[in-house]
1. Being surrounded by 15 or more Cβ atoms within 10 Å (Cβ to Cβ) and under 24 Å from residue 205 (Cα atoms) narrows it down to one residue among 65, 126; which is it?
2. So which residues in segment 167-191 are closer than 26 Å to residue 58 by Cβ and either touching a strand residue (DSSP E or B) at 6+ places or on another chain (Cβ under 6 Å) or surrounded by 22 or more Cβ atoms within 10 Å (Cβ to Cβ) (or both)?
3. Could you look through segment 70-84, keep only residues that are closer than 13 Å to residue 112 by Cβ and of a type outside the set (Gly, Ala, Ser), and pick out the one that is surrounded by the fewest Cβ atoms within 10 Å (Cβ to Cβ)?
Amino acid sequence: MSEMNTMGIRDLENYSRQHSKPLHPLLEQVREYTLKHASSPQMMVGELEGKFLQLICTLSGAWNVLEIGTFTGYSTLCIADAIGRGSKVTSIDINPDTSSAAANFINLAGLQDRVRLIVGPALEIVPTIPEVFDLVFIDADKVNYDNYYELVLPKLRYGGLILFDNMLWSGRVMNPQSEEDHALHRLNQKLTMDSRVDNFLLPLRDGIQVVQKVVRS
Ligand SMILES: C[S@@+](CC[C@H](N)C(=O)[O-])C[C@H]1O[C@@H](n2cnc3c(N)ncnc32)[C@H](O)[C@@H]1O
């Protein structure tokens with residue numbers, strides 16, 4: 001057995017984290033708050049994925065970003081810290097309590113000028129936003145991912161990106177049982193066949209579908 005096989009994925013992730021530039025210092029406070037006060041704190045994207053989100057934002061030059069699933073603001077803050085001055089991230093969440101915690105952290109970080117938080121059901125809110133986005137990060141209720149996809153694709157610029165979190169769903173997509181397992185597996189299949197987009201299922205953390213719009217409409 002090679003040494004690689006004796007190491008766990010967590011060890012490798014820790015090494016990777018230790019050898020990556022740190023995130024905004026306030027994110028440690030968001031993490032601590034979420035672990036202590038939020039239910040299901042594991043929903044937070046965490047350092048590695050936060051760093052990846054930042055890299056994608058800077059590499060793609062994203063200017064107008066939409067996020068579905070604010071929670072306590074970890075990923076929102078990562079995005080807001082990466083996009084340039086004058087750019088904007090609109091983040092939607094149905095939960096007013098976690099959104100209020102997110103608003104507090106965004107103010108503490110001094111990034112309130114580039115973040116707009118909207119509280120409510122994303123299926124109703126997205127159609128009311130008459131904007132073109134460069135990047136959309138989807139990390140909310142899994143059964144609606146395909147609905148979010150169809151809602152945001154027309155609002156995405158040509159060449160723009162959609163990132164879907166949790167698309168490996170702890171491996172459950174390979175043997176789907178629940179409604180969520182099936183929804184995510186069906187979407188992985190659909191994206192791979194969909195001529196409107198290019199896509200790559202990145203096996204980072206719980207799997208991120210990186211989707212690029214390749215049609216002009
Ligand atoms: C996985 S968490 C988001 C984690 C966040 N991206 C982070 O890194 O901290 C999912 C969020 O989606 C929100 N959500 C669930 N259903 C929703 C809906 N129908 N509309 C808007 N938000 C929803 C939940 O309230 C929850 O905060």
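1. On inspection, the qualifying residue turns out to be 65.
2. Within segment 167-191, 167, 191 qualify.
3. Residue satisfying both the conditions and the ranking: 81.
The numbers here are math on the coordinates, done by the rules we state, and not lab data. Fair warning: this is a prediction, and the values are worked out from it, not measured in the lab. Note that each Cβ is placed from the backbone with ideal geometry, even for glycine, and that neighbours are counted across all protein chains shown.
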